[in-house]
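Reviewing the structure listed below.
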Amino acid sequence: MLKIITLISFLSLFISSCNYHLKENVNLVNAVVIATEKNEFVELLEKSFNKQTTAKIKLIIGAESLKETAVVYDNNGGASEVKLTLTIPTKITNLKGDKIYFDDSLSVSNIVAIPSNVQSKAIIKQQTYQNLRNNLLETLSLKLQNIH
């Protein structure tokens, strides 16, 4: 048990030192959000809106797609590094929906080393996907700035 706690502590420090951390809060213009499902990205998005402004755009957010691709294999044939990809279909329109500003999938990915410990592996993946959601939010923020 002590080994697991030590490993998790080491991995947390390693991840922090590799610049994996939550970015500063993004303050987006207000928008009407229509989501095909309530997911972690939609929750993050809704927290980022400037609620003091009037919504002028509509965001239609699709379901999160999480993909894992092996990049490097170890001696046992298991993946020692994987590419984690988060893709979310996104459409940005005016409130009426008759003017489309953006209609495509936003996608970000990151390559991470995967430890053999199952518990550590789950933590690494969870933290990486959360960072990818933050990166997607920043990408969406830039798209929204270009509209206004």
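Just a few scattered comments:
- Violating pairs (Cα-Cα greater than 31 angstrom) within the set LYS58/LYS121; LYS47/LYS121; LYS99/LYS125; LYS47/LYS96; LYS38/LYS83; LYS56/LYS83: LYS58/LYS121; LYS99/LYS125; LYS56/LYS83
- Annotation for region 42-95: trypsin sites (Lys or Arg not before Pro) lying in DSSP loop with at most 15 further Cβ atoms inside 10 Å of their Cβ are LYS51, LYS56.
- Linear extension gain, ASP74 paired with SER116, 0.36 nm per residue minus alpha-carbon span: 14.1 nm
- The modelled label-to-label distance for the pair ALA55/SER141, using points 7 Å beyond Cα in the direction of Cβ, is 2.1 nm.
- Area projected by the alpha carbon convex hull of region 29-147, averaged over all directions, nm²: 8.0
- The modelled label-to-label distance between TYR101 and GLU81, using points 7 Å beyond Cα along the C-beta direction, is 3.8 nm.
Where a number appears in this text, it was derived from the coordinates with a stated rule and is not lab data. As the structure is a computational prediction, the values presented were derived from the model and not from experiment. Using ideal geometry, Cβ is built from the backbone for each residue, glycine included, and neighbour counts are taken over all protein chains shown.
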